[in-house]
Amino acid sequence: MLDNIKNIVFDVGEVLVNFRYMEYMHEDLGFSDEVTELFAKNIILSEYWDMLDKGDITLEEARDHYMEVYPQYAEELYSFWKNLDGIVREYDYAYELIKGLKDRGFGVYLLSNYPDQLADMHWSKFTFMDILDGYLISAKEHKVKPHPEFYKLLESRFGLNLEECIFVDDRPVNVEAAEALGMKGIIFKGYKELIESFQNDVYSSRGSLRSE
């Protein structure tokens, strides 16, 4: 058990919300397997999406770039950029997970690599937003994980001690960066596994939390 833990800091995508870009393109927009895989590799998993996360370009600039690169897919690109509201979906457990932590006296924060225009589009719809203690969005701060400055901004912005925080992220590189700064890191592998980690580390002194 970690008696000194006061705060839990979450990543957002693939931890609290499903970044369902494959389903979004294939099922929601009806793209072919070929187009879905092409867009996934060359848009979502590309340096341009990283630039969106950093706040270096806008959605419109990214769209115009891909319109030039793939004019043969102009219709699909237009549909993709027009309907990005559906590219994420909150996990069913997210609100109760955060509420359970809040009820046990923990501060709860978000540290997320996320394009600012998409955050403006998506985050107001997440049910857990109103019970958070604070959050940082990479594109709005022009800082991204795993760079140390982004984690350190938690300290200066919210008056936290990183050594009193647990950081939860699905990407090992981001967790390793947090641990290098003194945070307790948990690599997110699923909700039940996370609850088991919390039971072992922090909940035993503040009441259990069911994993069902």
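The values are calculated or read from the model by the stated rules, or taken from the named source; none is laboratory data. Predicted model, so just to flag it, every value in this text is computed and none were measured. Every residue, glycine among them, receives a Cβ derived from its backbone with ideal geometry; neighbour counts consider all protein chains shown.
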List every residue pair whose Cβ atoms lie under 8 Å apart, where the two residues are 6 or more positions apart in sequence or sit on different chains, the first residue falls within the range 10-29 and is without any contact (Cβ under 8 Å) to a residue 60 or more places away in the chain, and the second residue, located anywhere, is buried (at least 17 other Cβ atoms within 10 Å of the Cβ) and of a type in the set (Phe, Trp, Tyr).
-> Met25/Phe31; Met25/Phe39; Met25/Phe80; Leu29/Phe80
Which of the following residues is among the basic types (Lys, Arg) and at pLDDT below 95: Lys82, Lys41?
-> Lys82
Quick one: would you say Tyr109 is assigned to a helix (DSSP H, G or I), within 24 Å of Lys6 (Cβ to Cβ), among the aromatic types (Phe, Trp, Tyr) and assigned by TED's automatic domain parsing to the domain that holds Leu132?
-> no
Picked from the range 142-161 (must be in contact with a Leu (Cβ under 8 Å, 6 or more places away or on another chain) and surrounded by fewer than 19 Cβ atoms within 10 Å (Cβ to Cβ)), the residue modelled with the lowest pLDDT is Glu155
For the range 60-80, does any single residue satisfy the condition of being closer than 23 Å to Lys145 by Cα, among the small types (Gly, Ala, Ser) and either under 15 Å from the mean Cα position of the chain (by Cα) or in a strand (DSSP E or B) (or both)?
-> no
Given the residues Ala139, Ala119, which is the only one that is crowded, with 20+ Cβ neighbours inside 10 Å, among the small types (Gly, Ala, Ser) and part of a helix (DSSP H, G or I)?
-> Ala139
Checked the range 156-174 for anything farther than 20 Å from Leu101 by Cα and either acidic (Asp, Glu) or assigned to a helix (DSSP H, G or I) (or both); matches are Ser156, Arg157, Pro172, Val173, Asn174
How many residues does the range 1-20 contain that are surrounded by fewer than 20 Cβ atoms within 10 Å (Cβ to Cβ) and either among the polar types (S, T, N, Q) or part of a helix (DSSP H, G or I) (or both)?
-> 2
